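Written out below as structure tokens is the structure these notes cover.
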Amino acid sequence: MAISILGSTGSIGRQTLDILQSEHLAPGAPVLEVAALAAGASNLELLGKQIVDFEPELVAVPSDSDRESLRDILSDYFRSGKKTEILIGEEGLIACATHPAAKTVVTAVVGFLGVKPTLEAIKAGKTIALANKETMVAAGHLVNELAAKHGSKIVPVDSEHSAIYQSLEASILKAQAAGKSLEQAGEVEKLLLTGSGGPFRTWSEEAMARATVSDALKHPNWSMGAKITIDSATLMNKGLEVIEARWLFSIPAHKIEVVIHPQSILHSAVEFVDGSIVGQLGQPDMRLPIHFALYHPHRVPSARVPRLSLSELKDLTFEKPNFSRFPCLAMAQEVAAKDDSSACVLNAANEIAVDSFLKGKITFTDIARTIERTLSVHKPIKAPQLGDILEADRWAREKSVSLVAV
Ligand code: NAD
Ligand code: MG
């Protein structure tokens, strides 16, 4: 079996390839080939090394000059007779997402960039190992419609959603067999989405207003790309995850409760109607949910996933989120209940605001303000189709760029 990875040089992409390295496979684990890799321009040396290690048939990079640089890096590889085609731009990304040999596509690019290739992979009937949550946020309705039509399976990589999926799998299968949605099957009381609370969990509003980029990039438990690390500091990450869960599990937003759990050991849970709570525990290490998604529906031994010893655990604590200090979470929860183009606008405004914060153009608390002001002038569209989503994204970026500039 083969896979494609979109965003192979990022945090999720690197950890996916780490699992696949033959010397890291546990005895009995099936070998997964790499059909295609796509990455941005920021680390072509690493992409070159990944190509030498995994010899994919196809690679995609953003531009013609990136392709030239990659060819230079790979001159020995090509001289030795190896064949890897290098495509560019959105077309290249989509070719990787739909490569005929790939059964599973790991969507590990960051942001709205993932929408079109993910939709194309779904149309090609691929299994999606979904890390790129922004696609589910901006286009969840469409993802579900197309996945049902083309028989494409979506397996979450996001650790919380993987935990919920693992806790719910029996209920999902029963509902499917009865031709019902999970909500119609009536077994689920609520989803309990846990989050660490990020680096500012205990900070005052005044301190957060003065937070620097390096303060916000210091996540207590997880090592991740810059965008999701800032989202974790504003708790927008948890908000995006509420919207992601709403579509992944077809559960209404009011049945999704965010619980702050600073130790990140219980990765999320499900409360059933009989009062039973079922959750999934593990070390805070993304290789665990990535491994689960790659081999699903099988449980395969892992030599890379670090083990959790329950007898060595000390305190596991839980608390309610503070919505007034973290307005991004409140905004996202409100948007999650709407099922319209507001989610796409929230996502786009957040991408612009986070990028502006990382570049030192706005303060930490301006992130929420920029999103709120963009959302307040959006005219939402119900059940948005691809054209509506692309237009809402374009409009929201333009609007929030103008807000950041003043
Ligand atoms: P990252 O910034 O570390 O990596 C992003 C990848 O996308 C890089 O390989 C980059 O080169 C690539 N990329 C950028 N522009 C591109 C382009 N034009 N064409 C092709 N590739 C391009 O991000 P990450 O932390 O790995 O996160 C990836 C996704 O997974 C995000 O949606 C994030 O929310 C989600 N996620 C990440 C984690 C985590 O632990 N990192 C956990 C849960 C979910
Ligand atoms: Mg997560």
(message) Criterion first (among the basic types (Lys, Arg), away from ligand 2 (no atom under 14 Å from the Cβ) and modelled with pLDDT of 95 or more) does Lys218 satisfy it?
(response) no
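This table checks each residue for (1) in contact (Cβ under 8 Å) with a residue 12 or more places away in the chain; (2) among the hydrophobic types (A, V, I, L, M, F, W, C); (3) over 26 Å from Ala207 (Cβ atoms).
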{"position": "Phe318", "(1), (2), (3)": "yes, yes, no"}
{"position": "Leu358", "(1), (2), (3)": "yes, yes, no"}
{"position": "Ala396", "(1), (2), (3)": "yes, yes, yes"}
{"position": "Ser402", "(1), (2), (3)": "no, no, yes"}
(message) Can you find a residue that is outside any loop (DSSP other than H, G, I, E, B), open to solvent by 50 Å² or more (accessible area, probe 1.4 Å) and in contact (Cβ under 8 Å) with a residue 12 or more places away in the chain anywhere in the range 292-304?
(response) no
(message) Can you list residue pairs whose Cβ atoms sit under 6 Å apart, with the first residue in the range 136-164 being touching a residue at least 24 places away in the same chain (Cβ under 8 Å) and the second being within 11 Å of ligand 2 (Cβ to nearest atom) and assigned to a strand (DSSP E or B)? Count only pairs 6 or more apart in sequence or on different chains.
(response) Ser159/His267; Glu160/Leu193; Glu160/His267; Glu160/Ser268; Ser162/Pro156; Ala163/His267; Ala163/Ser268; Ile164/Ser268
(request) Show the residue pairs that are 6+ apart or on different chains and have beta-carbon atoms under 6 Å apart, the first residue being within the range 14-25 and more than 16 Å from ligand 2 (Cβ to nearest atom), the second being open to solvent by 40 Å² or more (accessible area, probe 1.4 Å) and of a type outside the set (Val, Ile, Thr). (result) Ile19/Arg287; Ile19/Arg304; His24/Ala303; His24/Arg304
(message) Looking at the range 277-319 only, could you name the residues that are in contact with a helix residue (DSSP H, G or I) (Cβ under 7 Å, 6 or more places away or on another chain) and either outside the structural domain of Met224 (by TED's automatic domain parsing) or among the charged types (D, E, K, R) (or both)?
(response) Arg287, Arg304
(request) Residues being in contact with a strand residue (DSSP E or B) (Cβ under 8 Å, 6 or more places away or on another chain) and more than 12 Å from ligand 2 (Cβ to nearest atom): count how many of those fall in the range 120-131. (result) 6
(request) Confirm whether Asn221 is open to solvent by 10 Å² or more (accessible area, probe 1.4 Å), among the polar types (S, T, N, Q) and assigned to a helix (DSSP H, G or I). (result) no
(request) Go through (1) closer than 21 Å to Val115 by Cβ; (2) modelled with pLDDT under 95 one by one and return the number of the condition Gly28 breaks. (result) (1)
(request) Residue by residue through the range 324-356, note down the ones that are in a loop (DSSP other than H, G, I, E, B) and either open to solvent by less than 40 Å² (accessible area, probe 1.4 Å) or among the aliphatic types (A, V, I, L, M) (or both). (result) Phe326, Ala337, Ser341
(message) Can you report the number of residues in the range 16-34 which are open to solvent by less than 40 Å² (accessible area, probe 1.4 Å) and closer than 26 Å to Leu93 by Cβ?
(response) 7
(request) Go through the range 225-267 and give me each residue that's more than 14 Å from ligand 1 (Cβ to nearest atom) and either open to solvent by 20 Å² or more (accessible area, probe 1.4 Å) or basic (Lys, Arg) (or both). (result) Arg246, Trp247, Ser250, Pro252, His254, Lys255, Glu257, Val259, Pro262, Gln263, Leu266
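The values are calculated or read from the model by the stated rules, or taken from the named source; none is laboratory data. Bear in mind that the values here come from a model prediction, so they are computed numbers and not experimental data. Here Cβ is always computed from backbone atoms with ideal geometry, including for glycine, and neighbour counts include all displayed protein chains. These area figures cover heavy atoms from the full protein model, side chains too; ligands, DNA and RNA do not enter into them. Shrake-Rupley method; radii C 1.70, N 1.55, O 1.52, S 1.80 Å.
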